[in-house]
1. Within the range 220-235, can you find the residues that are over 11 Å from SER116 (Cβ atoms) and buried (at least 22 other Cβ atoms within 10 Å of the Cβ)?
2. Which of the residues belonging to the range 67-94 are open to solvent by less than 30 Å² (accessible area, probe 1.4 Å), over 15 Å from GLU142 (Cα atoms) and of a type outside the set (Gly, Ala, Ser)?
3. Consider the range 246-271. How many of its residues are open to solvent by 10 Å² or more (accessible area, probe 1.4 Å) and either part of a loop (DSSP other than H, G, I, E, B) or over 24 Å from ALA282 (Cβ atoms) (or both)?
4. Only one residue in ALA243, ALA214 is assigned to a helix (DSSP H, G or I) and either in contact (Cβ under 8 Å) with a residue 24 or more places away in the chain or within 16 Å of the ligand (Cβ to nearest atom) (or both), so which one is that?
5. Pick from ALA339, ALA323: which is under 25 Å from the mean Cα position of the chain (by Cα) and touching a residue at least 12 places away in the same chain (Cβ under 8 Å)?
6. Residues of the range 389-424 being open to solvent by less than 50 Å² (accessible area, probe 1.4 Å), part of a helix (DSSP H, G or I) and under 14 Å from LEU62 (Cβ atoms), which ones?
7. Considering only helices (runs of 4 or more DSSP H) fully contained in the range 274-372, which possess at least 3 residues that are touching a Lys or Arg at 6+ places or on another chain (Cβ under 6 Å) and open to solvent by less than 10 Å² (accessible area, probe 1.4 Å)?
8. Between a residue in the range 70-82 that is under 12 Å from LEU98 (Cα atoms) and any residue that is of a type in the set (Lys, Arg), which pairs come within a Cβ distance under 7 Å, given they are 6 or more apart or on different chains?
Amino acid sequence: MDSAREYNFDGLVGPSHNYAGLSFGNVASFSNVKSASNPKQAALQGLAKMRALAARGFAQALLPPHARPNFRMLRRLGFSGSDADVLARASREAPVILACAYSASPMWTANAATVSPSADSVDGRAHFTAANLNNKLHRADEHLQSSRTLRALFGDARHFAVHDALPSTPAFGDEGAANHTRLAASHAGKGVQLFVYGRVEFDPSAPAPTRYPARQTLEASQAIARLHGLDASRTVFAAQNPAVIDQGVFHNDVIAVGNGNVLFYHELAFDDEAAVLNKLRAAMDGIGAQFAPVRVATREVPVADAVSSYLFNSQLLSKPDGAMALVIPHECRENAAVARYLEQLVGGAGAIDELIEFDLRQSMRNGGGPACLRLRVALTDAQARAMHQGVIMTDALYARLVAWVETHYRDRLAPADLADPQLAIECALALEELMTILDLPGLYDLS
Ligand code: SUG
């Protein structure tokens, strides 16, 4: 068997990162609405995480930001004339729509796609399905660029298959890898894929939240499992607990994360915890792997603390020595219950024996933690050679990107600044140069 590694593709934060309160159901996005952001700092915080993890020997790459403002969307919604006319009228008549067109939300690449490595697929290729993100206007066009980007990086059809997003209709609401986890004995061997959904379109009696939207449907998860050619005996579909969605758990990766044979999760994550564990254990038995759930009880960490600290939105990374590191945001240290829990977690006898901490406050204020910022792609050695190399994080790329950010990004963006036609010009210039830096000349559709 070819050996394989997990690459984390972090989203490079775009120059229009701002706080517009666009994500109903995402507590942080709603609480920080209309405050000023710092795009430069956001991008540098993300790059610092990428560089530090690469320096530790983890396989690290990036996904580029999308072109903003989204003129295609603005024009489809009836704003016409020159680019400056479009912006002026949108800012006057529909500032929320303008904010949607400017959102830097593609930075949360866990939502870019669902990925199944070749070890799990019937045709022996790695499969990607861009997520339609149809629950929110500001994210609903992302799949167009995401699939274009993925095809630019993973264009070799002998190794990779990139599928278009599912139909953009509520029945197929899909948020990508944020609701998907792969468990396995190793990245190279067969794995078990866990799909977590919040709602069932064609069964109105199934559990569903009442306050906040469920963004992922069972129907969408099933379609992806079919597209990716997954084996039913190693695929588990689990209903999310609707009560936690209503407390701000808008994606499953806000309350659970898996890696290797470990599922790190809150006891209230699933609608039927015992059934989910039984199915996972049976599927793991089937591949000869020992399932190791790490359960966090409410009395240790209440759901509200998990949501505000993003404890479960951590990255769980396998280290060469076989143990695992948990990549956490600073906010986990600032929450007393979470900090206490983490001390005893890494001091215990389990697989997780190290914490790696980052300041990701700019992203966190929009509800995006370490795990939201990355898309996991397990690649065999041959696949890693076959993918586009220009996005792999190195010291040289890091230095070039820091200089690029320093040149092109503002250090303050208030809601009113989105009306400034100069901002659109700055964003376009930045991305033009980025295509050269990443050696991806046709990355953006500039027609
Ligand atoms: O979709 N926030 C994103 C955060 C995504 C986090 N991703 C994962 N959990 N994997 C969202 O809610 C806020 C944008 C704003 O309000 O300006 C936003 O889109």
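1. Those that are over 11 Å from SER116 (Cβ atoms) and buried (at least 22 other Cβ atoms within 10 Å of the Cβ): ALA220, SER221.
2. Across the range 67-94, the qualifying residues are PHE79, VAL86, LEU87.
3. Residues flagged as open to solvent by 10 Å² or more (accessible area, probe 1.4 Å) and either part of a loop (DSSP other than H, G, I, E, B) or over 24 Å from ALA282 (Cβ atoms) (or both) within the range 246-271 amount to 8.
4. ALA243
5. ALA323
6. GLY390, VAL391, LEU397, TYR398, LEU401, VAL402, TRP404, VAL405
7. Answer list for the range 274-372: none.
8. These pairs meet every condition: PHE79/ARG89.
The values are calculated or read from the model by the stated rules, or taken from the named source; none is laboratory data. Quick caveat, the model's predicted, so the values are computed rather than measured. Reconstructed Cβ throughout: ideal geometry from the backbone, glycine too, with neighbour counts over all protein chains shown. Accessible surface is based on the protein model in full, side chains and every heavy atom, while ligands, DNA and RNA are left aside. Shrake-Rupley method; radii C 1.70, N 1.55, O 1.52, S 1.80 Å.
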